[in-house]
Amino acid sequence: MTGQRKILIVAYPGQGNINPSFRFASRLMKMGVDVTFCTSLSGVRRIDKETIPQGLTFAPFSDGHDSGIQPSTPLEQYVSDFATCGARAVAEAISSAATAGQPFNHLVYTTAIPWAARVAHAHGVKSSLLWCQSATILDIYYYYFNEYEGFISSNKNNPTFPINLPGLPPLTTADLPSFILPSSPKEHDFIISMLKDHIDMLKKAPRILVNTYNELEVESIKAIEKLEYLPIGPLIPSEFLDGKDSSDSSRGKDFFVKSEDDYIQWLNTKPKSSVVYVSFGTIASFSMDQMEEMAMGLLESRWPFLWVIRDSEQAGRLSKIEEVRKHGMIVGWCSQMAVLSHQAIGCFVMHCGWNSTVETLVAGVPAVVFPQWSDQATNAKMVEDVWRTGVRVRRRESDGGGGREGD
């Protein structure tokens, strides 16, 4: 065996996990580390092959959902199948490498797959969690499963109740992750068990690689003595960190299939800080009524806008679609860091997922945030009240939607 270190990265196939773990893999490889990347076939098939770091080895496996999760498939079933098939695949990858005399030195696993740490432990391989959300969020989950569950649960129906956790900013119940609140759908109940499994696995392997940086979450990083946070962020394409002009090359840095729309050329025609960029990630979906509200709000702002709408049929049903296309541009997807780094962008309207939050902070673009679920309400709290880099859309009491008029 050579002296080169070998790392196995196991990633949940969602874009919010694959993008940061790919970027982490790229950095390891630049340091001379041999990296193998393990995820489902559906995740690998969605990756733009031109963006794969040279020398990266793949170990894909079938989880029975090779075309990705379908609308008729319950999320719990999808996650369970991924765990069952993934555990077998990871065990086989570790055993095969050891048999070949080239064992893995370490396993890195992302958010949503704590079982990977258990497989590593069973095979005598050290592991670290690559947490693809904020350190603050992991702290909240740690506290919830260690002494604070009763306190939080007894006040979960009061959205304004103050939640003060050691080392964290002052929160209210409404600022907590959605999975521990009564508004969370019943079909997401299994996620609580998965999160508890994450926390329990940290007792065996407390090292956490987190997509953040000291200046952003200095108190949260050191809030819990039993956890060893290693901030390795921001995990964004390196060209956006070294200050180079990446308006051309960056289009190949989105690991998933790229939009063919020439949005960069369109942005080049707009004045500095004049364009509103609107994108709500890969999971959030909205009713036509809410889409109409967004369209009217954008039109009434009188600013040009670049709006990402994944469902082209839904976009085509907008009542003022011609007027929308006259004043703005709709795309199915885009390279987000290329957009946020463009001088024409003046504001980002987003869901406040962690990757988007980090990217807009790095780009220095103020945000209007409309959180939907998971960690997004907590991130929105940080954006508005702690970092003061944006404002949050106030929900209507009638239907929980966001009105075009704002505050």
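The values are calculated or read from the model by the stated rules, or taken from the named source; none is laboratory data. Owing to the predicted nature of the structure, the values given are computational and were not obtained by experimental measurement. Positions of Cβ are backbone-derived with ideal geometry, glycine not excepted, and every protein chain shown enters the neighbour counts.
Results, tabulated for the structure shown:
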read-out: Check on Val44, surrounded by fewer than 21 Cβ atoms within 10 Å (Cβ to Cβ), touching a Lys or Arg at 6+ places or on another chain (Cβ under 8 Å) and not assigned by TED's automatic domain parsing to the domain that holds Val358; value: no
read-out: Residue count, region 4-36 (criterion: assigned to a loop (DSSP other than H, G, I, E, B), of a type in the set (A, V, I, L, M) and under 22 Å from the mean Cα position of the chain (by Cα)); value: 1
read-out: Among (1) out of contact with any Lys or Arg (no Cβ under 7 Å at 6 or more places or on another chain); (2) surrounded by 20 or more Cβ atoms within 10 Å (Cβ to Cβ); (3) among the aliphatic types (A, V, I, L, M) - the single one Met194 does not satisfy; value: (2)
read-out: Any helices (runs of 4 or more DSSP H) falling wholly within region 93-174 and containing at least 3 residues that are of a type in the set (Val, Ile, Thr) and in contact (Cβ under 8 Å) with a residue 12 or more places away in the chain; value: 135-143
read-out: Boolean, Glu76 is among the acidic types (Asp, Glu), closer than 30 Å to Thr57 by Cα and surrounded by fewer than 16 Cβ atoms within 10 Å (Cβ to Cβ); value: yes
read-out: Region 179-191, residues that are assigned to a helix (DSSP H, G or I) and either crowded, with 19+ Cβ neighbours inside 10 Å or hydrophobic (A, V, I, L, M, F, W, C) (or both); value: Phe179, Ile180, Phe190, Ile191
read-out: Identity of the residue in region 52-73, touching an Asp or Glu at 6+ places or on another chain (Cβ under 7 Å) and buried (at least 16 other Cβ atoms within 10 Å of the Cβ), that ends up nearest to Pro103 (Cα to Cα); value: Asp63
read-out: Of all residues in region 2-47 being among the charged types (D, E, K, R) and under 23 Å from Asp66 (Cβ atoms), the one that is modelled with the highest pLDDT; value: Arg45
read-out: Complete set of residues in region 210-241 that are at pLDDT 95 or above, in a helix (DSSP H, G or I) and hydroxyl-bearing (Ser, Thr, Tyr); value: Ser220
read-out: Residue within region 256-269 that is part of a loop (DSSP other than H, G, I, E, B), modelled with pLDDT of 95 or more, surrounded by fewer than 21 Cβ atoms within 10 Å (Cβ to Cβ) and in the same structural domain as Trp354 (by TED's automatic domain parsing) present; value: yes
read-out: Residues (in contact (Cβ under 8 Å) with a residue 40 or more places away in the chain and in a helix (DSSP H, G or I)) located in region 58-79; value: Leu75, Glu76, Val79
read-out: Lone qualifier among Val119, Val108, Val125 - being among the β-branched types (Val, Ile, Thr) and surrounded by fewer than 22 Cβ atoms within 10 Å (Cβ to Cβ); value: Val125
read-out: Of all residues in region 302-334 being out of contact with any Gly (no Cβ under 9 Å at 6 or more places or on another chain) and small (Gly, Ala, Ser), the one that is modelled with the highest pLDDT; value: Gly328
